[in-house]
Amino acid sequence: MNLRTLILTAPLAVVLACGGSTSTGSGSAALDAATPRFATLALDQTAADTTAPAALLAAPDTTGVAQMAGPGGGCHPHLFMREREVVERVNRHIYKVLRLVEKVIATNPVSETEKSKTWTASESGADISFTVSLVGSSVYSWELAAAPTGETPLRVVMSGEIDRNGYTGAHEGKGTMEVDFALLHAAFPNERAASGTLEVRFDVSAAARKIAVRGTDVTWDLDASKFDGGMVPTGLSAPRSGEYVYYRVPEKGGSLKIKDEMVFLCGMDPRTANVALVPADTRMVSRWYRSSDGRVHGRSDGLITGGNLVAPVDRIVGVTCHDAAADRHMPTEGYWLMKAEDASGATLVGFDATSMMDTAAVPCDPQLGEVPLLTGPSKDFKDWPVSYFEDPPFPFPGTPFPGT
């Protein structure tokens, strides 16, 4: 899904001859266009996702969930809300470093050649440096370094590379980015994401955007005020890992693969109660597409294992069907189901509910697959991905796996 059309007109040829391409190659404009931007590397599931995140990331709400979940339930079957928690959390941690990049490059560079530019700045008792360099044919490297003011050398808290061959828009391309939160915390002691690493792989253009993220042993920055007593539960304050692949084709649809450690209250049954808020292993897949009625139909499937679950409960299966008026609009949930199953797939306890939707006659679009049943496992979602960080993204109706 890359824009690989290169048109050389006479005016552009003059630009190339007089100081470098405005999009790729050497020169100041090309280097500027190769710098990273949060709006380009954010998981843009809704239109608001490309704007600067709020000062604090809301933690999963632990109050009132039973009333939301339906008869006898506190397991929070609204899986799209869980997707939003992941998208907002991942975006906010990407923003932690890219906001520094955007701040420092808003100043004049301290050094500049045809193939490299470096900027420096200070913030909150730390010195910051960012360098973008041409390292190949329209391939550029990134390096963001920081340390407490006066300490040398600065430590590399983010590094990356972008290949802009065939991409025309500023900040578009494919590449990688790595973030070290321990080093970021060393430069900014008030930074609450104090450990772990984030690896980002991206391929973004006007035609499509694919962003894969792997968080390893990250102390995710959560808002303690959202929890009773003002303390983040141990299970959530300890380092956690996760993998995510986001893919979107504008005005057509998209998907999100999630492998994460999440807290579910699971109060459907004493055997699944989670008073201590222990994280469980969670797999989720979501897909959405623009249907013939012009609306965006979507569905999310989830599978919860481990954590607080004890025999005979082997797993919890969940599904949410949703509908939105247009691309990147917040959807309305039309149906959700949550059930606890034993190792054979038999339902131990469960519930489902149908909500009023704006215009949809059928809450769950049949093009998104059969809906699980409360009475047994025959229609449980089975197309779980092999990887939640590698290609391919999960497909959605009307679009095959990218590259096929």
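Side notes on the structure shown:
- Of the criteria (1) closer than 26 Å to Thr131 by Cα; (2) open to solvent by less than 50 Å² (accessible area, probe 1.4 Å); (3) of a type in the set (Gly, Ala, Ser); (4) at pLDDT 95 or above, which one Ala208 fails: (1)
- Qualifying residue in the stretch 240-256 (condition: buried (at least 18 other Cβ atoms within 10 Å of the Cβ), touching a Cys at 6+ places or on another chain (Cβ under 6 Å) and within 23 Å of Gly369 (Cβ to Cβ)): no
- Yes/no for Pro393 being open to solvent by 20 Å² or more (accessible area, probe 1.4 Å), touching a Lys or Arg at 6+ places or on another chain (Cβ under 8 Å), within 30 Å of Asp203 (Cα to Cα) and not basic (Lys, Arg): no
- Positions within the stretch 62-102 being modelled with pLDDT of 95 or more and over 25 Å from Ala324 (Cα atoms), in sequence order: His93, Ile94, Tyr95, Lys96, Val97, Leu98, Arg99, Leu100, Val101, Glu102
- Counting the residues of the stretch 93-136 that are under 18 Å from Ser23 (Cα atoms), in contact (Cβ under 8 Å) with a residue 60 or more places away in the chain and out of contact with any strand residue (DSSP E or B) (no Cβ under 6 Å at 6 or more places or on another chain) gives 2.
The values are calculated or read from the model by the stated rules, or taken from the named source; none is laboratory data. What you see is a predicted model, and the numbers here were worked out from it, not measured in a lab. Positions of Cβ are generated from backbone atoms using ideal geometry, with glycine treated the same way; all protein chains shown enter the neighbour counts. What goes into the accessible areas is simple: the full protein's heavy atoms, side chains included, and nothing from ligands, DNA or RNA. Shrake-Rupley method; radii C 1.70, N 1.55, O 1.52, S 1.80 Å.
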